[in-house]
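A.B. asks: One structure coming up, written as C-alpha cells, with questions to follow.
Nothing in this text is a laboratory measurement; each read-out follows from the coordinates by a stated rule. Model, not experiment: these values are computed from the prediction. Don't worry about glycine lacking a Cβ; one is built from the backbone with ideal geometry, like all the others, and counts go over all protein chains shown.
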Amino acid sequence: MGADLFYLRPKKLDDALEFLGDHGKETSIVAGGTDVMVNLRSGELKPKYLMDVSRLPELKRIEIKDGGLRIGAGVTISDIYTSPILTRLAPTLQKASYKFASKQIRNVATIGGNVAHCSPCGDMVPPLIIHEAKVVLKNSGGERTIPIQDVPTGPYRSSIDPEEMVVCFMLKPKENLFSDFQKIGRRKELAISRASMAVMAEKDVEGKITFMRLALGSCTPTPQRSTDVENLLIGKVPSETLLWEAGQMVVNKMIETSGIRSSTVYKERAVQGLFMRMLFPLVKHE
Amino acid sequence: MKLEQHMVPICFILNGKQVEVEVTAGETALHTIRERLFLKGTKEGCAIGECGACTIVVDKKAVNACLMIAAQLDGREVMTVEGLAKFEGLNSLQEAFLEHHAVQCGFCTPGVLMSAHALLKENPNPNREEIVKGISGNLCRCTGYRHIVSAIEDAANQLSEEKE
C-alpha cells in the first residue's frame, strides 16, 4: 500500500467499464471491500487502482425482468435479506444471506463480490446454482452471459477477464416449494463454511418428488450442483433409506472431485449428516 | 474527466459535525478516524473484520471500519462511540452497560455499543435472540456476553418506556 495506489469512484457504469478497458489488469474493483481490504492488507493484492463501484445505481436493483429474477451485482447481503421479492422467489438465497458472515459485513458486502472472489466457500454460490443463475459480465465493448458454475476456474481463480465486471445475475425464480440452505462452520457468526448446501424440491399429491435442485459448497474446489442426486430422487417418493443413499451419492461425488484429503474423514460424515438433516422434512407426509 | 486520485479529499458528517479531511487511496476508515481525526474510541482488534472492535455506524448501518476504505466515507453520515454521549452525560445504552456490569476490560465495548445502537435504531424492541444475533459480529473475551445482552435488553425497554 502507499504512494503508488490510486482511488477512483466513477459515477456511471460506462465510465467504470471504460477505465477497466484501459487499466483492468492493474485495478481491484471494490464494492463492500470486505475481501479486497483483507487481501490488500496481507499484500496478496497489489493493485495500482482501487475502483469503487459501491455507489453505481445500475448495480443496485432487484427486479423481475423478462420472467426472470434479476439481481444487481452491487446488491448487499443485507438487501437480499430484507427483499420481499426474494422472500417469494428465491427463499434459499435469503436463508443464506441470514447466515452470511456478520451484520457489519452483510451491510456492505455484495453478492457480486462474493461470486467474483471465487472462494470455494462463498455462501451465495450454492443458492445461485440451484436457481440456475446466469452471470452477466460487461466490458466497454459489450456483454456476455455465462452460467454461474463457469465463473470460478478453481479456488480464488475466476474466468472473468480483468477488463470485465459482473453486472447482474439472472435467476430462474421458484415459488411455494420446499427450500433450505444450511452450513456447518466453526462458529455461528463469521464462520467460513466447511460444508454448505442449498436445496429446492417439490412433491406432487402422491408424495413423489417432481422437481429438485441441490448444490454443495465448500467441499470441492468450486461449488457443485448434484444432478445425479436430483435424477435419483425425481419421480420417487422419498423414504429415509432413499435419502441416505442419495446422501452417499453426494459424498462419493465430493471425494471423486476433491480426492481424499485430511478433512475427508470429517467431511464425509458431516455432508451426509447435513444432507439428511436438510432433506428429512421431505420424508414426512403432510 | 480525471478519474483517479492518489490523495482523496473527502467530506462527511462525523457525530453530527461536518469534517473535511484528505486521505490516501488505500487507507481504512479506521485509520482516518483514529489517526487523522484523533477519535480513539474506535479500536483496532483483528483488522480483518472478525472481531467487531472497530464497529462504527455509517448511514445508520453498523460496519467494520477496518474493512472500509476511508474514501468510501465521503458524503456519508458517520457515528463513532464518541457520538453516543450527550452534553448531559452518557446515553441510556451506555448507562445500562454500567449498571449491568457489561464492561470488563473495555476493549470490545465501543464496538459492541455501536452494534447495539444500530440494532435499536433498526429494531427498537428486539427479543434476546435478536440481540444476540445483532451483536454476534462482536467478540468479547471477558464478559461471556450475558451482561451485555441484558444491558441492551434493559436499554431497549427504557427507550420504549420513554417513548410512551
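A.B. asks: Plugging the Kirkwood radius over Cα pairs into Stokes-Einstein for segment A:148-209, at a temperature of 37 °C and a viscosity of 0.692 mPa s, what D comes out in µm²/s?
C.D. replies: 212 µm²/s
A.B. asks: Give me the angle, in degrees from 0 to 90, between the Cα long axis of helix A:240-258 and the longest principal axis of the Cα atoms of chain A, rounded to the nearest 10.
C.D. replies: Helix A:240-258 sits at roughly 40 degrees to that axis.
A.B. asks: Helix B:109-122 versus the longest principal axis of chain B: what angle, 0 to 90°, nearest 10, using Cα atoms?
C.D. replies: It is inclined by approximately 80 degrees.
A.B. asks: Now for a different question. Round to the nearest 10 and give me the degree value, 0 to 90, for the angle of helix A:13-23's Cα axis relative to the longest principal axis of chain A.
C.D. replies: Orientation of helix A:13-23: about 70 degrees from the principal axis.
A.B. asks: Treating only the Cα positions of segment A:178-282 as identical point scatterers, give the base-10 log of I(q)/I(0) from the Debye formula at each q in 0.14, 0.19, 0.21, 0.22 Å⁻¹.
C.D. replies: The Debye formula, applied to the Cα set alone, gives -0.51, -0.91, -1.08, -1.18.
A.B. asks: Which of the pairs B:Lys60/B:Lys133; A:Lys60/A:Lys208; A:Lys65/A:Lys203; A:Lys172/B:Lys133; B:Lys60/B:Lys86 have their Cα atoms more than 29 Å apart in this structure?
C.D. replies: A:Lys60/A:Lys208; A:Lys172/B:Lys133
A.B. asks: Something else now. Dividing the alpha-carbon radius of gyration of segment B:7-83 by 2.2 N^0.38 Å (N being the number of residues), what value is obtained?
C.D. replies: Normalised Cα radius of gyration, segment B:7-83: 0.96.
A.B. asks: Could I ask something else about it? With +1 on each Lys and Arg Cβ and -1 on each Asp and Glu Cβ, how big is the dipole of segment A:1-139 about its Cα centre, in debye rounded to the nearest 20?
C.D. replies: 420 debye
A.B. asks: Here is a further query. At q = 0.21 Å⁻¹, what is the log10 ratio I(q)/I(0) for segment A:1-110, with the Debye formula run over Cα points and no solvent?
C.D. replies: The calculated log intensity ratios at q = 0.21 Å⁻¹ are -1.12.
A.B. asks: Can you tell me which of B:Glu95, B:Glu44, B:Glu129 moves the most in a GNM of chain B? Springs connect C-alpha atoms under 10 Å apart.
C.D. replies: Result for chain B, Cα springs under 10 Å: B:Glu129 fluctuates most.
A.B. asks: Just counting partner chain Cβ atoms within 10 Å, what average do the residues of peptide A:35-42 show around their Cβ?
C.D. replies: 4
A.B. asks: Might you report the magnitude of the Cβ-based charge dipole of chain A about its Cα centre, with Lys and Arg at +1 and Asp and Glu at -1, to the nearest 20 debye?
C.D. replies: It works out to roughly 860 debye.
A.B. asks: Considering only C-alpha atoms, what is the centroid distance from segment A:220-252 to segment B:18-80, in Å?
C.D. replies: Here the answer is 46 Å between Cα centres.
A.B. asks: Compute the separation of the alpha-carbon centres of segment B:96-148 and segment A:28-68 and state it in Å as a whole number.
C.D. replies: Between the Cα centre of segment B:96-148 and that of segment A:28-68, the gap is 30 Å.
A.B. asks: Could you list log10 I(q)/I(0) for segment B:38-130 at q = 0.22 Å⁻¹, which the Debye formula gives when each Cα is one point scatterer?
C.D. replies: -1.24
A.B. asks: A follow-up question, please. Based only on the alpha carbon positions, what is the Kirkwood hydrodynamic radius of the protein assembly as shown, in angstrom?
C.D. replies: 23.3 Å
A.B. asks: Let me ask you something else. Normalised by the empirical 2.2 N^0.38 Å for globular proteins, what value does the Cα Rg of segment B:92-163 take?
C.D. replies: So segment B:92-163 has a normalised radius of gyration of 0.97.
A.B. asks: Here's another thing I want to ask about it. Which value, in nm² and rounded to one decimal, describes the direction-averaged projected area of the C-alpha convex hull of segment A:57-171?
C.D. replies: So the mean shadow area of the Cα hull is 6.8 nm².
A.B. asks: Just the C-alpha atoms of segment A:104-215: what Rg/Rh do they give, with Rh taken as the Kirkwood radius?
C.D. replies: My calculation puts Rg/Rh at 1.02.
A.B. asks: Averaged over peptide B:20-30, how many Cβ atoms belonging to another chain are found within 10 Å of each residue's Cβ?
C.D. replies: If you average over the peptide's residues, the count of other-chain Cβ atoms is 4.
A.B. asks: If you restrict to DSSP beta bridges whose two residues both lie in chain A, what percentage is antiparallel, to the nearest 5?
C.D. replies: 85 percent
A.B. asks: Another one. Cα convex hull of chain B: mean projected area in nm², to one decimal?
C.D. replies: That works out to 10.3 nm².
A.B. asks: Please compute, for peptide B:66-76, the average count of beta-carbon atoms on other protein chains lying within 10 Å of each residue's beta-carbon.
C.D. replies: 5
A.B. asks: Ranking B:Thr32, A:Thr87 by Cβ neighbours within 10 Å, fewest first, what do you get?
C.D. replies: Ordered by Cβ neighbours within 10 Å, fewest first: A:Thr87, B:Thr32.
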